[in-house]
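*Asks:* Mind having a look at this structure? Questions to follow.
Laboratory data are not the source of any read-out in this text; all were calculated from the coordinates shown. Note that the structure is a prediction, hence the values are computed from the model and not measured. Counting neighbours? That spans all protein chains shown, and the Cβs are built from the backbone with ideal geometry, glycine included.
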Amino acid sequence: MKRLRTYAQAINEAQEIAMRRDPSVFVIGEGVPDPKGIFGTTVGLAAKFPGRVMDMPVAESGMTGICVGAAIAGMRPIMVHARMDFTIYALDAIINTAAKWHFMFGGKQNVPMVIRMIIGRGWGPGPQHSQALQALYAHIPGLSVVMPATPHDAKGMLLSGVTDDHPVIFIEHRWLHGIAGPVPEPFYTIPIGKARVAKKGTDVTIVSASYMTVEAMRVSPWLTRAGVSAEIVDLRSIRPLDVQTILASVGKTRRLIVADTGWKSFGIGAEIITRIAEAGIPLDRPPVRIALPDMLTPTSHALAAEYYPTSVDIARNALILCDKKKTDVQKAIRAYAATLTGSSDQPDPTFTGPF
Amino acid sequence: MNTLYYQMLRIRMVEEAIAREYPKQEMRCPIHLCIGQEAIAVGVCSVLQQEDAVFSTHRSHGHYLARGGSLGAMIAELYGKATGSSGGIGGSMHLIDTRVNFLGAAPIVASTIPVAVGVALSRVMQNKPGLSVCFFGDAAVEEGTAHEAMNFASLRRLPVLFVCENNLYSTVTPLAPRQPQRPIADIARGHGMKAFQADGQDVRVVQNVSRHAVDSIRRGAGGPVFIEFATYRFVEHCGPNEDAPALRPPKELAAWKKKDPIRFLSPIEHRALEPLIAKEITEAFRFAKESPFPTYETVTNLRAGN
């Protein structure tokens, strides 16, 4: 019987293990010790580790600089931001200070810190509480950027991040927090920079990360029944990017969909398609980017339902890429969409807001 | 001979030597000389202990040397050499000497203030002795991150000495279009910490107020202290020359030169010290010039590309 834990529990457990193993680890963020505990990811930790699970002033920039200072002096901070949008205040401290400190002093000092950032979708977070800015951070040398999709990887990659001697941006999708999966109890790490073939297939490669991997996995059995064997490459790590795993898969299928939670232009999809072009891997069909449209995020759930790409978009594009007839595709997609239950702005029926 | 004056003269002569050599275009990075402001670096560092951490800005040569940073490694860093304090990767704006806990200088205005506060936080969490000192200019208090760092340092009563070198200018922009007319030290008081204003041109005054501040911080629950020193930069913001008259009023410069921090040094003392320091400087420049450049491999081997 496999030990099941939710993604939020896996993160909570990883932080507990990290703090137990190493007295230099601490967790800091706005609302970290409060009863809701950042969507459950920090619940109970403050009582177990007095003084090491801290609230902080609403000062994302200064506090990030302070965590860099703590890190160069021997601590291993885990910073938590309940919304990735809040980290924009901290861009200077992250990009100019955290990412560069090791380099600009010739390697004399390290900045071992993890910055957890939560991205979201649904229930009206709107333009300033939902942004998925992985492409922004992945552009910066000196940072690692990870986006695990499963509870297993969340625990292992957070522990990798905490034991890494350099800054790691750890991005969690809000809709992953409630999803359960097998999570081994002891300490283990999942290496940063290694993708995972989440499902083997032969007809089309779907490269995805974070919640879009969930969407891809959701549609995958249906695609099989529709005669499309999809290979799903779950990136897990955005920077460094596991180009080899992507190239190996696309070299085999020669058809590509990249599904990302961020915006389309200058995004993760653009980078991956470029890597394939640079490697000279011929594609049988033009590659497809499934991403947020190049517009800001509306709040009303009536609008958000159209805004966010889902497994339906993956299904449609996979069928088209695999040369299914247009009329058949329309019919099949209508049938697939009808199988999806629940509301487009709730991860599952137990989610009733308010955030 | 008072070691404070020796140190100020040494910093002055190093800066003048850099200014002399700079036009040869072998030091190919921006330099921000601290001529005129030496008393603050020397006075503050004179009251510190080995375990205290020091942070600085783009104008860091004086702080680095007053703290005891290696002169040879500093000059080599300016020449971009492998023997430089940051292996030639940082340049004049990124000096470091971990041996003496000079933990870093960076030119993004106010960016090292929270880092200094973070080191103080770690000292407290690790139950280790030592305070953090951060030097910064008058413009730094215009940055939000400075206030965020001061707020947190005060909130947690962290052992931090904030040293504001108010030289009246940000590059060549005077205070008037940047800040309201109030003492900068009042900002720190607003953050709930002790703050002093003092003459930054008299090293004995600097030392006294710094000792008072550091004693207060070391008393444990004393919390952070802020000192605003009045000072003036005798040369241009960036580069080896004086400012053009259009940039800063020559009369203002002349008035401040009457308050040159090394004015207390008698000509006899000056003449006695000069050859010793000159010899050390010559050796440092020779060391820098003779040192090899870093290989590109040393850069790519650093964790920089990830």
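*Asks:* From a point 7 Å beyond the Cα of B:V172 in the direction of its Cβ, which residues of segment B:3-37 have a backbone N at a distance under 17 Å?
*Replies:* B:31-33
*Asks:* While we're here: For the protein assembly as shown, take every pair of Cα atoms, bin their distances at 20 Å starting from 0, and report each bin as a whole percent.
*Replies:* Values per bin, smallest distances first: 18, 44, 27, 10, 1.
*Asks:* Most exposed first by the Cβ proxy, i.e. fewest other Cβ within 10 Å, how do B:L4, A:L235, A:L321 rank?
*Replies:* Working: B:L4 21, A:L235 29, A:L321 25.
So the ranking, lowest neighbour count to highest, is B:L4, A:L321, A:L235.
*Asks:* Between B:N127 and B:L276, what length in nm is gained on full extension when 0.36 nm per residue of separation is reduced by their alpha carbon distance? Walk me through the numbers on the way to the answer.
*Replies:* On the way: separation 149, 0.36 × 149 = 53.64 nm, distance 4.17 nm.
Roughly 49.5 nm would be gained on extension.
*Asks:* Given a cut-off of 25 Å, name the pairs among A:K100/A:K194; A:K194/A:K326; B:K24/B:K279 whose C-alpha atoms lie farther apart than that in the structure shown. Mind showing how you got there, number by number?
*Replies:* Numbers: A:K100/A:K194 23 Å; A:K194/A:K326 37 Å; B:K24/B:K279 20 Å.
Distance filter (> 25 Å) returns A:K194/A:K326.
*Asks:* Please compute the modelled spin-label separation between B:R182 and A:S344, points set 7 Å along Cα→Cβ, answer in nm with one decimal.
*Replies:* Calculated label separation equals 5.1 nm.
*Asks:* Return the percentage of antiparallel bridges among DSSP beta bridges fully within the protein assembly as shown, rounded to the nearest 5 %.
*Replies:* Numbers: 11 of 68 bridges.
Counting only bridges with both partners in the protein assembly as shown, antiparallel ones make up about 15 percent.
*Asks:* Expressed in nm², what is the orientationally averaged projection area of the convex hull enclosing the Cα positions of chain B?
*Replies:* Working: hull surface 65.3 nm².
Seen from a random direction, the Cα hull of chain B projects 16.3 nm² on average.
*Asks:* While we're on this one: If I fit a long axis through the Cα atoms of helix A:311-321 and take the longest principal axis of the Cα atoms of chain A, what angle between them do I get, 0 to 90°, rounded to 10?
*Replies:* Result, in degrees: 50.
*Asks:* Using the alpha carbon gyration tensor of segment A:68-126, what are the three equivalent-ellipsoid semi-axes (square root of 5 times each eigenvalue), largest first, in whole Å?
*Replies:* Working: eigenvalues 154, 29, 10 Å².
Over the Cα atoms of segment A:68-126, the ellipsoid semi-axes are 28, 12, 7 Å.
*Asks:* Taking Cα atoms of segment B:1-52, Rg/Rh with Kirkwood Rh, to two decimals? Could the numbers behind the result be given before it?
*Replies:* Working: Rg = 13.4 Å, Rh = 12.5 Å.
Rg divided by Rh gives 1.08.
*Asks:* For chain B, what is the mean residue ellipticity at 222 nm derived from helices alone (per DSSP H run of n ≥ 4: -39500 (n - 2.57); sum divided by total residues; nearest 500 deg cm²/dmol)? Each step should come with its number before you reach the end.
*Replies:* Working: 11 runs with 127 residues, N = 306.
My calculation for chain B gives -12500 deg cm²/dmol from helical runs alone.
*Asks:* Would you list A:M147, A:M295 from fewest to most Cβ contacts within 10 Å?
*Replies:* Working: A:M147 33, A:M295 10.
Arranged by neighbour count, lowest to highest, A:M147, A:M295 become A:M295, A:M147.
*Asks:* Sort out for me the Cα centre separation of segment A:91-123 from segment B:79-133, rounded to whole Å.
*Replies:* 16
*Asks:* I've got another one for you. Of A:A70, A:Y188, A:Q330, which is farthest along the charge dipole of the protein assembly as shown in the positive direction, counting Lys and Arg as +1 and Asp and Glu as -1 at C-beta?
*Replies:* A:Q330
*Asks:* Once you have the Cα-Cα distance between B:E51 and B:N241, take 0.36 nm times their residue separation minus that, and quote the gain in nm to one decimal. Spell out each step's value before the answer.
*Replies:* Numbers: separation 190, 0.36 × 190 = 68.40 nm, distance 3.63 nm.
Using 0.36 nm per residue and subtracting the Cα-Cα distance, I get 64.8 nm.
*Asks:* If one takes the longest principal axis of the Cα atoms in chain A, at what angle in degrees, from 0 to 90 and to the nearest 10, does the Cα axis of helix A:7-21 lie?
*Replies:* So the inclination is approximately 30 degrees.
*Asks:* Also: For segment B:258-303 and segment A:5-70, write down the distance between their C-alpha centroids in whole Å.
*Replies:* Between the Cα centre of segment B:258-303 and that of segment A:5-70, the gap is 46 Å.
*Asks:* When only Cα pairs under 8 Å and 6 or more residues apart are kept, what is the percent relative contact order across chain A? Present the calculation step by step, with values, prior to reporting the outcome.
*Replies:* Numbers: 746 pairs, mean separation 56.2, N = 355.
Computed value for chain A: 16 percent relative contact order.
*Asks:* Using the Kirkwood formula over every pair of different C-alpha atoms, what hydrodynamic radius in Å results for chain A? Show your work: numbers first, answer last.
*Replies:* Working: mean 1/r = 0.0482 Å⁻¹.
It is 20.7 Å.
*Asks:* Taking segment B:223-287, which trypsin sites (Lys or Arg not before Pro) meet the DSSP loop condition and have no more than 15 other C-beta atoms within 10 Å? Kindly include the intermediate steps, with their values, before the conclusion.
*Replies:* Details: sites: B:R233, B:K251, B:K257, B:K258, B:K259, B:R263, B:R271, B:K279, B:R286; in loops: B:R233, B:K258, B:K259.
In loop regions of segment B:223-287 (DSSP not H, G, I, E or B), the sparsely surrounded trypsin sites (Lys or Arg not before Pro) are B:K258.
*Asks:* Based on the Cβ-Cβ distance from B:E252 to A:A277, what FRET efficiency comes out when R0 is 45 Å, to the nearest 0.05? Write down the numbers at each step before the final one.
*Replies:* Details: r = 60 Å, r/R0 = 1.34.
So, using R0 = 45 Å, E works out to roughly 0.15.
*Asks:* For segment A:158-240, which trypsin sites (Lys or Arg not before Pro) are both in a DSSP coil and crowded by at most 12 other Cβ atoms within 10 Å?
*Replies:* Working: sites: A:R174, A:K194, A:R196, A:K199, A:K200, A:R218, A:R225, A:R236; in loops: A:K194, A:K200, A:R236.
Sites meeting the loop and neighbour criteria: A:K200.
*Asks:* Now for a separate question. Between A:S229 and B:R99, how high is the FRET efficiency from 1/(1 + (r/R0)^6) when r is the Cβ-Cβ distance and R₀ = 45 Å? Nearest 0.05.
*Replies:* Working: r = 61 Å, r/R0 = 1.36.
FRET efficiency, A:S229 to B:R99: 0.15.
*Asks:* In nm, give the distance between the simple-model label positions of A:A180 and B:F196, each being 7 Å from the Cα along the Cα-to-Cβ direction.
*Replies:* According to this spin-label approximation, the distance is 6.3 nm.
*Asks:* Quick check: the angle from helix A:211-225's long axis to the longest principal axis of chain A, C-alpha only, nearest 10 degrees?
*Replies:* The angle comes out near 30 degrees.
*Asks:* Can you give the charge dipole size of the protein assembly as shown about its Cα centre, rounded to the nearest 20 debye, using +1 on the beta carbon of Lys and Arg and -1 on the beta carbon of Asp and Glu? Don't skip to the answer; put the middle values down first.
*Replies:* Details: 70 positive and 60 negative charges, 256 e Å.
Charge dipole of the protein assembly as shown: 1220 debye, to the nearest 20.
*Asks:* Return the subset of B:K251/B:K289; A:K155/B:K128; A:K155/A:K252; A:K264/A:K324; A:K36/B:K194 for which the Cα-Cα distance in this structure is over 29 Å, preserving the input order.
*Replies:* Numbers: B:K251/B:K289 38 Å; A:K155/B:K128 31 Å; A:K155/A:K252 31 Å; A:K264/A:K324 25 Å; A:K36/B:K194 37 Å.
B:K251/B:K289; A:K155/B:K128; A:K155/A:K252; A:K36/B:K194, as the Cα separations exceed 29 Å there.
*Asks:* Report the residues of segment A:145-166 in range of a label on A:V243: point 7 Å along Cα→C-beta, backbone N strictly under 17 Å from it.
*Replies:* A:145
*Asks:* Please compute the net charge surrounding A:A93, taking Lys and Arg as +1 and Asp and Glu as -1 over other residues with Cβ under 14 Å from its Cβ. Present the calculation step by step, with values, prior to reporting the outcome.
*Replies:* On the way: positive: A:K100; negative: A:E60, A:D92, B:E143, B:E148.
So the environment of A:A93 carries a net charge of -3.
*Asks:* Taking the Cα centre of chain B as origin and charging only Cβ (+1 Lys, Arg; -1 Asp, Glu), how large is the dipole, in debye to the nearest 20?
*Replies:* It comes to approximately 500 debye.
*Asks:* Plugging the Kirkwood radius over Cα pairs into Stokes-Einstein for segment A:196-339, at a temperature of 37 °C and a viscosity of 0.692 mPa s, what D comes out in µm²/s? Don't skip to the answer; put the middle values down first.
*Replies:* On the way: Rh = 15.3 Å.
Answer from the Stokes-Einstein relation: 215 µm²/s.
*Asks:* Then there's this: Between B:H212 and A:T352, what is the label-point separation in nm under the 7 Å Cα-to-beta-carbon projection?
*Replies:* 6.3
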